[in-house]
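Here is the structure we will look at, set down as structure tokens.
The values are calculated or read from the model by the stated rules, or taken from the named source; none is laboratory data. Owing to the predicted nature of the structure, the values given are computational and were not obtained by experimental measurement. So basically every Cβ, Gly included, is an ideal-geometry build from the backbone, and we count neighbours across all protein chains shown. Accessible surface areas use protein heavy atoms only, side chains included; no ligands, DNA or RNA. Shrake-Rupley method; radii C 1.70, N 1.55, O 1.52, S 1.80 Å.
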Amino acid sequence: KMIKSVVTEKKNIRGEEIEYESGGVRLKGYLAFDAQQEGPRPGVLVVHEWWGHNEYVRKRAHQLAQMGYTALAVDMYGDGKLADHPQDAMKFMQEVMSNMDSAEARFNAAKDLLAAHATTDGTRLAAIGYCFGGAVILHMARVGTDLAGVASFHGSLGTESPAGPGDITTEIFVAHGGSDPFIPAEQLEAFKSEMDSAQQDITLLVYPDAKHGFTDPGASEKGKRFELPLEYNSEADKDSWAKLGKFLERIFN
């Protein structure tokens, strides 16, 4: 399935497909940066929803490039695999989550690629993730990955291996839909307790009416098609993105 090229408001934003490798698997990422901006700037990894590396994460990479960052939309599934149906999405997601060593290696391969890019200040990196991607970046935070910050949007908050004091060395931002049945209230409470035990401050935004996928304009259509509680919420989307911008400014300065 082809991904259309992303239209960008600024002419000087360059987007390029970029291949990298982890554990013998070919990964297909997408890098975006402002070609006219001078000097190295912080880098941000963008980890996709359970559908895979699609146009949506590329759009987010472009938005980050417009904000002055070099952004890499990663491929956690390999070969740029995309799911059209929730059953496939679930299968792809479970394949990755059943082997966290391999998942960490794939994430770190993308992180190294971004850090080494000519436009990136490799000492200032962050990661954002959506849905499945939120679970990935929170896992990377729990295992002490060297990042300035991670931000999860409607991501899964649960874990089999909760963080303890001193485990997390990065700032954490979570935007959560209060009406998201995939991430019930108990999971949110358990996450808050875990972060308390780990002595970790978090930026937590809860949007009471928002459902799963609230940042993705394509979510409502998928929700209807597959009879799933997915729904775009433009207010929660705009607010959480504006607050992400402030979070990134703060962690990088």
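Overview of results
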| read-out | value |
| --- | --- |
| Residue-span extension gain [residue 196 to residue 81] - 0.36 nm each, minus C-alpha spacing | 37.7 nm |
| Surface accessible to a 1.4 Å probe, residue 238 within the full protein complex, Å² | 130 |
| Within region 1-157, percent of DSSP bridges classed antiparallel, to nearest 5 | 50 |
| Rounded percent of accessible protein surface that carbon and sulfur make up, the chain, 1.4 Å probe | 48 |
| Solvent-accessible area per residue for the chain (1.4 angstrom probe, square angstrom) | 45 |
| Helix runs (DSSP H) in the chain reaching 20 Å along axis by Cα, Kyte-Doolittle at least -0.5 | 100-116 |
| Debye, to nearest 20: dipole size of the chain, +1 on Lys, Arg Cβ, -1 on Asp, Glu Cβ | 720 |
| Förster-model FRET efficiency, 25 Å R0, residue 25 and residue 88, C-beta, rounded to 0.05 | 0.90 |
| Global form of the chain, assessed from the alpha-carbon gyration tensor, a/c cut-off 1.5 | rounded |
| Label-point gap, in nm, between residue 225 and residue 105 - each point 7 angstrom along Cα→Cβ | 3.4 |
| Gyration tensor (alpha-carbon) shape descriptor, region 39-116, a/c threshold 1.5 | oblate |
| Cβ crowding within 10 Å averaged over residues, with 137-149, 19-31 ranked highest first | 137-149, 19-31 |
| For region 6-84 and region 105-131, distance of Cα centres in Å | 10 |
| Amide N proximity, region 91-125 versus residue 35 label position 7 Å along Cα-to-Cβ, cut-off under 17 Å | 118-120 |
| Ellipticity estimate at 222 nm from DSSP helix runs (n ≥ 4, -39,500 (n - 2.57)) divided over the chain, nearest 500 | -11500 deg cm²/dmol |
| Per-bin percent of Cα-Cα distances, region 57-156 [10 Å] | 14, 50, 31, 5 |
| Binned Cα-Cα distance frequencies in region 109-220 - 5 Å width, integer % | 2, 12, 22, 24, 16, 12, 7, 3, 0 |
